[in-house]
Each structure stands twice: as structure tokens, then as C-alpha cells.
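One structure is given here, and the rest of the page talks about it.
Any read-out appearing in this document is the output of simple, stated calculations on the displayed coordinates, not a laboratory observation. Computed from a prediction, not measured in an experiment: that's the story for all the values here. Cβ: placed from backbone, ideal geometry, glycine included. Neighbour counts: every protein chain shown.
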Amino acid sequence: MGENRLRGPIPLKLFNSSTVRLIALTENDLSGELPSTIGAFLPNLEELYLEGNEFTGTILTSISNASRLRMLHLGMNHFSELSFIISLSNCKHLRRLWIGKNPLNGFLPKSIGNLSSSLQSFHAGSCEIKSEIPSSIGNLSNLVELFFENNSLTGLIPTTIKWFLKLQRIDLSDNQILGAIPSEFCNLLNLGELRLGQNMFSGMVPSCLGNVTTLRYVYLNSNNLSSMIPKSFWSLRYILEIDMSGNYLTGSLPAEIGNFKALVYLNLSNNQYLGRIPSTIGALQDLQELSLERNKLQGLIPDSMKNMLQLRHLDLSFNNLEGEIPNSLQVLPDLQYFNVSYNRLRGPIPHGGPFANFTNLSFLSNEALCGAPWLQPCASTFEHESRTKRIVMIVLLTSGSVILALVISIFLMRLKLRKKTLAPNQNLLPMATFERASFHELRQITNGFSESNLLGSGSFGSVYKGIRENGMVWAIKALVLEYMPNGSLEKWLHVNHHVLSIRQRLGIMIDVACGLEYLHYGYSMPIVHCDLKPSNILLDEDMVGHICDFGIAKLLGDGESVVQTKTLATFGYIAPEYGLEGLISTSSDVYSFGIILMETFTKRKPKDEMFTEELNLRHKTVQRKIKCISSILQLSLSCTTDAPEERINMKEVLGALQKIKLQFIKDITP
């Protein structure tokens, strides 16, 4: 009687038949509690399917009186309490137990290993389970499927999983499980699906996973995994989907990546990969989605990608890729999403095939792309003209409709010179007391920002060498800031008739986090903004947030993590160590970001009149019980601890915000 729109409680007579072997009432609108005598008068019941209804109350232990049960499906209801599961040890023939998507809100009992040794499929995802996984679970040695996703499981995965020799699918994603990924998984030679994403795993990817040739789906995303993916892993020729995004994986992408002939999904984004994209990647001719964004990849975009004819999604943004976008990519017939923003690309943008549908959002902040309607034309004097046009100084014109630019002049004296001027026994942090210079002088000492003075360039600008008359060598960074028609975040937060949705606020703060992450980690010497506040965050026509006003920004030299300055920023946004001692570091920016994060979601300034001296914005936020933004405010507290060494860094902030946004979108999507 499934999928018949049945309503109301179940008639008691239905559970009072000694001959019934199967009851199926799935996908209806049945409600109320299950009868207290359930199971007592069903001695021959073998299969009970009640999932997808509106049942409430507890699952009574009397259900175990139906001792011949083989299939028990109670998922997608509103049942509470998990204690009934102990009584199911009486059901010695139980092969399938599905209780997922119920607010059971309990602990896995240590006696869970007493369930039927015949159990093959155990689904308990999204049940609000709060406990470690008991080691006795290894007694369920005939398990083929184990799904405990989206709970609050903690602790380590027990080593007793090595007895799951028949296991084919396991999903422990979206929990709080710690420690290393157990090498015992390598003993499960029938394993085809391994989902451990969105946990707190650390350490390396076990090298022995390459021996599990049955693997088809591997999801280890959003953990704290580090080091390189073991070489043996690249030998899994029949794997279909890999997601290791959001970790701290390093090294280069090996040529062996071309071994994944059957691969359809590959996500290695938000890691720390270096080097070039190997040309062998073109051998992945069945690949539909490739995400390599937010790494440190260099070199050219391989022309061999033209062979990936099934490709629909290609994201290479936020890397250090150079050269031109291969014209050959125009032949990719199914390419629907393409993003190479925030690289060092130059030259003409392809215009044929799928490129006719891509907007400027696919090509933001590159070195010298041209040819598209929103960019300069590609001229024969391209090299010289584009260089001249890019030398724009970052100045925020307070009374004009156009923001031209202004150069952040961050002056770096040679290390030898600094050593000579410091007393040998001096034990102080370096004092950042630099001189100022006019734009005319900067242009003069860099020979008009000529190619011969160029030290390096990136997606946010270029660095030039300049020698003053006294012989002092300066490194001068020139950045570009476009006109921002939507004004500042300050206006949208505190001026009447301006309203931002939660989704817009999330997006803006992710944009700002991306910018700060780039300043802190995008160059060999980190840049500290020093004066982050809502009025220094400008919004473009698409409401994308951009950081501006680098007037007091500081460059951390080789080996420096903290410098000292006499220049103070805006009160209320500066970190305690900055305001009290003049000490600045990347953690100072993190503190300011945390304050802005609170302000963006509370619309209260750091020193609003509603806050007393003892109750500033940081402490007031702790008491606010706004469910939809509680995770945002918790993140802001992690940014604003008094001790800088206890603050998280911008990579961690960005990762957390992206998770929050994904969860928010998931929650509001019908």
C-alpha cells in the first residue's frame, strides 16, 4: 500500500495477524505513534516497511517480538530515542536495518555488536547520534553497507572494522571523527565506496588504499589530511569519483593521473598543490567535472584538455597559471562551467563553442587577457600597451564616481642594510617606520614602471624595483581596483533602505576571506592589510566584495611573522596586540575580519551605544540565540580571541565559511 497518500494512524488490526509476512506502507502521510503491541501478534512477520511517513514517538522494544524480521525500514519519519536498538538482538534473522533521517538523538550502545550476525545493510544517517563508534561493531562481519553519515559521531574509527571483509559501501561523512584514516580499510578488498568527508581526520592518505582495486568512489574531502597522495593511489584504474578537496595536500600532480581512464569526477580544490598540470590529464576522456581551484598550480593550461570531450565543469581559478587559454578548448561540446579567474593568464579569450556563453566572471583578475567585449581589444602592440594600462595606483577617490587606483608602496630595505643599522644586542621586533614618496617619484625611480624594473606579477598586480637617489632599494607594488557601483559594505549595513539577505552577506564575507587569504598566502612575503573595516570593503555590480584602501598595509619580510608599527588603524576593529603594543601580523587581519563578520550579521558596530564598556560586540554576540547564523558567530569568536596565536588563519576561515554557505543553501533548498 505504498505511495497511496494514506493519512492518519495505522489501524490496530493491521498489527494483529499471525499469518502476515510483509507490511509495506512506504511514502504515505500516515502519522501518530506505533501501537504499543507492535510485534507481539506478528509472529511470522519478515518484512516491515514504514519509511517516508509522519510517524512520531518512540520505537517500542516490543517490535523485537517479531523475531523472524529480516527487513526493517523505519527511516524518514519523526521517531525519537535510539534505545530500542538493543532489543533487536532478539531478531536473529535481521538482514536490513534502515532507521535513517529520524531525530533519534541518542548513543550507539556498546552492545551494538549483538545485533544479528546476518545483518548486511545498516542505515542510520541523519539520526542525531552522539557517541563514538563502539568497537563491538566489528562483530557484524557480514555487513555489506554501513551508512552513519550526518550525525555527531566522535572519537576514532575502531580497528575492528578489519572484520568487515564483505563490506562494499561505507559512509561516515559529516561527523566529527578524529585521528588518522585507519589502514584497516586496506583489508576490505570488496570495498567500492569510501565516504569519510567533512570530518576531522588528519595525517596521510593510507598508501595501502592503492591495493583496494575495487574502489570506485573515494570522498575524503573537508578534513585535515596533509602530505602527498601516495603514488600507489594513482594506479586505481577503474575509479569513478574522487573528492579530496578542502585538505592540506601538497606536492605536484603526477603524470600517472592519466591512469584514471574511467574517472568522471575529480575534485582536488582547496589544497596546496604545486607545479604544472600534467599533459596526461587529457587522457581522462570520460571526465565530466574537474575542480583544481585554490591551489598553487603554475605553468600553462595543457592543450591536451581538448581531448576531454565529456567535460562539463572546469574550475582552475585562484592558482598561478600563466600563458594563454588554449584555443583548442573551444571544441569541448558539453562545457557548461569554466573559471580561470585569479591567475596570471594573458592573451585572447577564445570566443567559439562554449566560450560564447561565458561571462566576465569566468576570467576575473588575470594578468592581461583581452578580446572579450568587457576587456581591451587584442592589438599588435598588446605587450607594451597592456603593461602601461595595468600600472594604476590604488587611490579611493572619496568624492568621485570613479575609483582610479593607488599604489601600495611597501618599502623593503635589503637585509644586509637592516643588519648594519640594528644594534647587535637589540631584542626588539622590527619597527615598520617607512618613508613616503609621491607618485611622480615612484614613476621616476622605476623608469616609468618599465619591464626592466619588473620583479614579479600576480593576479592582483605587479611588483617593481626602484632605486632612490640615496641608493636605497625599494620594492613597489602596484595594484588595480575597479569602479564599484554598489559602494561600501558600510553603506549596506548601516544606511536606511539598504538590505542584504543572509545569502548575500555570506557571499560577501567569503569574497573578503578569499582576498585576505590571497594577501596572506599568495606571495612569498605576506601582506597585512592593517585597516580592514566595512568602509574598506567595496561591492561591484554583482555584489561581489573587494578589499580596498591599502594605505597602511605592511609587508612581512623573510622570516618575519610579526612586525611593529607606530601607525594605528580604526578603533574597534584592531586586534588587542595591535592597539596596545603596535604589533601586527596576519592574525591582526583575522581579528578585524572576525569583528566585521559579527557586524555583518548583527548590523551592530563594534562600539554601538547599546553595548556598555564591559559588554562589547564580541561578548554580546555570545548571548544572541539566532539559530540560522549561530555557526557564523561562533566562527567570528574563533577569529577574535585575545591571544593572536589562538586565532585560526584565513585558510581555515575561508574553508569554514564555504561549509556554512553550502549548509545554508542545503537547508533553504526545498
| field | Per-residue HN-Hα couplings for the stretch 366-376 [Karplus 6.51, -1.76, 1.60; θ = phi - 60°; Hz; x = Gly/Pro] | value | 10, 6, 6, 6, 8, x, 7, x, 8, 10, 5
| task | Report, largest value first, the span of the C-alpha coordinates of the stretch 1-131 along each principal axis, in whole Å. | result | 37, 29, 23
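Please report the relative contact order for the stretch 1-131, taking Cα pairs under 8 Å with a sequence separation of at least 6, and give it as a percent rounded to a whole number. Working shown, then result.
Details: 347 pairs, mean separation 24.0, N = 131.
Once normalised by length, the contact order is 18 percent.
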| Highest to lowest packing among 500-506, 653-659, 117-123, scored as the average C-beta count within 10 Å | 653-659, 117-123, 500-506
| Integer Hz, Karplus 6.51/-1.76/1.60 couplings in order for the stretch 77-94, x for Gly and Pro | 10, 10, 5, 10, 6, 10, 4, 4, 5, 5, 5, 5, 5, 6, 8, 6, 9, 5
| note | Non-local residues with an amide H under 5 Å from the amide H of Gly487, with H modelled 1.01 Å from N and Pro and chain starts lacking one, are Leu539
| message | Using amide H atoms built in the peptide plane, which far-off residues or other-chain residues are under 5 Å from Leu321 H to H? | response | Arg344
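Sort His497, His93 so that the residue with the fewest other Cβ atoms within 10 Å of its own Cβ comes first and the one with the most comes last. Before the final figure, lay out each step's value.
Working: His497 4, His93 13.
So the ranking, lowest neighbour count to highest, is His497, His93.
If N is the number of residues in the stretch 181-273, what value comes out of its Cα radius of gyration divided by 2.2 N^0.38 Å? Could the numbers behind the result be given before it?
Details: Rg = 11.9 Å, N = 93, 2.2 N^0.38 = 12.3 Å.
Cα-based Rg divided by the globular estimate yields 0.97.
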| Sequence-distant or interchain residues sharing an amide H contact under 5 Å with Leu225, placed H: which? | Tyr248
| message | In whole Hz and in residue order, list the ³J(HN,Hα) couplings for the stretch 161-167 that follow from phi through the Karplus curve 6.51 cos²θ - 1.76 cosθ + 1.60, θ = phi - 60°; x for Gly and Pro. | response | 5, 4, 8, 7, 5, 9, 5
| P(r) histogram, all alpha-carbon pairs of the stretch 96-235 included - 5 Å bins from 0, percent | 2, 10, 20, 25, 23, 12, 6, 2, 0
| Which value, to two decimals, describes the C-alpha radius of gyration of the stretch 505-570 once divided by 2.2 N^0.38 Å? | 1.19
| field | Over the stretch 164-207: Kirkwood hydrodynamic radius from C-alpha pairwise inverse distances, Å | value | 11.0
